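A.B. asks: First the structure, which I've put down as structure tokens, then a few questions once you've had a look.
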Amino acid sequence: MFESLSERLESAFKQIKGEGRITELNVAATVKDIRRALVDADVNYKIAKEFTDKIKDKAMGEKVLTAVSPGQLMVKIVKDELAELMGGTEAELNAKGNPAVILIAGLQGSGKTTFSGKLANYLKSKKFSPLLVAADIYRPAAIDQLKVLGGQIGVEVFSEPENKDAVDIARKAVAQARTLNKNVVIIDTAGRLAVDEAMMTEVSNIKAAVNPQEILFVVDSMTGQDAVNTAKAFNDRLDFSGVVLTKLDGDTRGGAALSIKYTVNKPIKFISSGEKLDTLDVFYPERMAQRILG
Ligand code: GDP
């Protein structure tokens, strides 16, 4: 994960690791290399600049500390700031309600349906009793896909293939969950290939109808800066509560993971790194920062 970013950061620290003390000059050189590494990883320039300015201030502010070497000090500062950039501490999923409703939104192909299955599996392992809802009225295959996933994990799937009203399906599903004593409803909504007014209106209407505890925006981390722009468009309309980054197993550069929280000020709650249903992870900013720095 993020191999090229990790490598570039490592080489950014190379020089300062050999230095005996922190100086304005060696900090400036390191910071410049870090900024370049971030921009190459698809982090927006403004974010990268603000990030490295902070690193510089911190490093210069701590130059009197002689207990640690300049290299260790820089690595520690960067690690702390990377974790901060990605949200600081982990953000909990709110699955409390009668039932709790979790709305899943995102572009087509981002991994919504797969994530819905993973989340249901995860919640089931936490002793919740989930109901999956197929609210994609445009692609019959999406209903089948969710049914297959539900079958694999032993979670019931609510669908009405003849019903062309996604809001009605969502409402009925919540009522059905109460009847079936399910305490969490996961609604997989329809996506489009690009941000589109009809899709936004539909998801907003579902939101208004079922008043979800969580709206999770699912985004393909491989799409770099597009991921961040899409997040902004969805957040402007939906005011979502958390982000799910998918396909972290692919050759992703890391820009989405590093920039989304900054851009929309919503936490990344889960990451997905594979098609198998057990590859869902709660997102821990500190662990991710640690992984990036190796
Ligand atoms: P949706 O259109 O948003 O519902 O997306 P899908 O859940 O159908 O996923 C689109 C494609 O991406 C499918 O082929 C999935 O198997 C695949 N996919 C989903 N999540 C991941 C992931 O974390 N890693 C990888 N490698 N593939 C994924």
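A.B. asks: Restricting the first residue to region 174-198 and requiring it to be over 19 Å from LYS112 (Cβ atoms) and more than 14 Å from the ligand (Cβ to nearest atom), which pairs with a second residue that is aromatic (Phe, Trp, Tyr) and assigned to a loop (DSSP other than H, G, I, E, B) meet a Cβ separation below 6 Å and a spacing of at least six or different chains?
C.D. replies: These pairs meet every condition: ASN183/PHE128.
A.B. asks: Scan (1) open to solvent by less than 10 Å² (accessible area, probe 1.4 Å); (2) more than 16 Å from the ligand (Cβ to nearest atom); (3) of a type outside the set (A, V, I, L, M, F, W, C); (4) at pLDDT 95 or above for the single condition GLY255 breaks and write down its number.
C.D. replies: Exception for GLY255: condition (4).
A.B. asks: Take the residues of region 128-142 that are part of a helix (DSSP H, G or I) and open to solvent by 20 Å² or more (accessible area, probe 1.4 Å): which is farthest from the ligand (Cβ to nearest atom)? Explain how you work it out, then say what you get.
C.D. replies: First pass over region 128-142, keeping only residues part of a helix (DSSP H, G or I): 140-142.
Now narrow it down to the ones that are open to solvent by 20 Å² or more (accessible area, probe 1.4 Å): 140-141.
Numbers: PRO140: 13, ALA141: 9 Å.
Of everything passing the filter in region 128-142, PRO140 is farthest from the ligand (Cβ to nearest atom).
A.B. asks: Right, something else. Is it the case that some residue within region 38-52 is more than 22 Å from ASP251 (Cβ to Cβ) and not in a helix (DSSP H, G or I)?
C.D. replies: No - not one qualifying residue is present in region 38-52.
A.B. asks: Being over 14 Å from the mean Cα position of the chain (by Cα), open to solvent by 80 Å² or more (accessible area, probe 1.4 Å) and either at pLDDT below 95 or within 15 Å of the ligand (Cβ to nearest atom) (or both) is the filter here; which residues of region 227-252 pass it?
C.D. replies: Across region 227-252, the qualifying residue is only ASP251.
A.B. asks: Let me ask something additional. Which residues, counting only those in region 70-127, are in a loop (DSSP other than H, G, I, E, B) and within 16 Å of the ligand (Cβ to nearest atom)?
C.D. replies: Selection gives LEU107, GLN108, GLY109, SER110, GLY111.
A.B. asks: For the structure I just gave you, tell me whether LYS164 is surrounded by fewer than 21 Cβ atoms within 10 Å (Cβ to Cβ) and either within 16 Å of the ligand (Cβ to nearest atom) or part of a helix (DSSP H, G or I) (or both).
C.D. replies: Answer is no for this residue.
A.B. asks: May I pose another question? Mind checking which residues of region 212-226 are within 28 Å of ARG171 (Cα to Cα) and more than 16 Å from the ligand (Cβ to nearest atom)?
C.D. replies: If the condition is that a residue be within 28 Å of ARG171 (Cα to Cα) and more than 16 Å from the ligand (Cβ to nearest atom), then PRO212, GLN213, GLU214 are the ones that fit.
A.B. asks: Would you mind telling me which numbered condition in (1) modelled with pLDDT of 95 or more; (2) closer than 17 Å to ASP281 by Cα ALA134 fails?
C.D. replies: Condition (2) is where ALA134 drops out.
A.B. asks: Next up: What do you reckon, is LEU293 more than 16 Å from the ligand (Cβ to nearest atom) and open to solvent by 10 Å² or more (accessible area, probe 1.4 Å)?
C.D. replies: When the stated conditions are applied, LEU293 passes them.
A.B. asks: Somewhere in region 60-67, is a residue open to solvent by 10 Å² or more (accessible area, probe 1.4 Å) and within 25 Å of the chain's Cα centre (by Cα)?
C.D. replies: no
The values are calculated or read from the model by the stated rules, or taken from the named source; none is laboratory data. Remember, predicted model here, so these are calculated numbers, not experimental data. Note that each Cβ is placed from the backbone with ideal geometry, even for glycine, and that neighbours are counted across all protein chains shown. Just the protein is used for accessible areas: all its heavy atoms, side chains included, with ligands, DNA and RNA removed. Shrake-Rupley method; radii C 1.70, N 1.55, O 1.52, S 1.80 Å.
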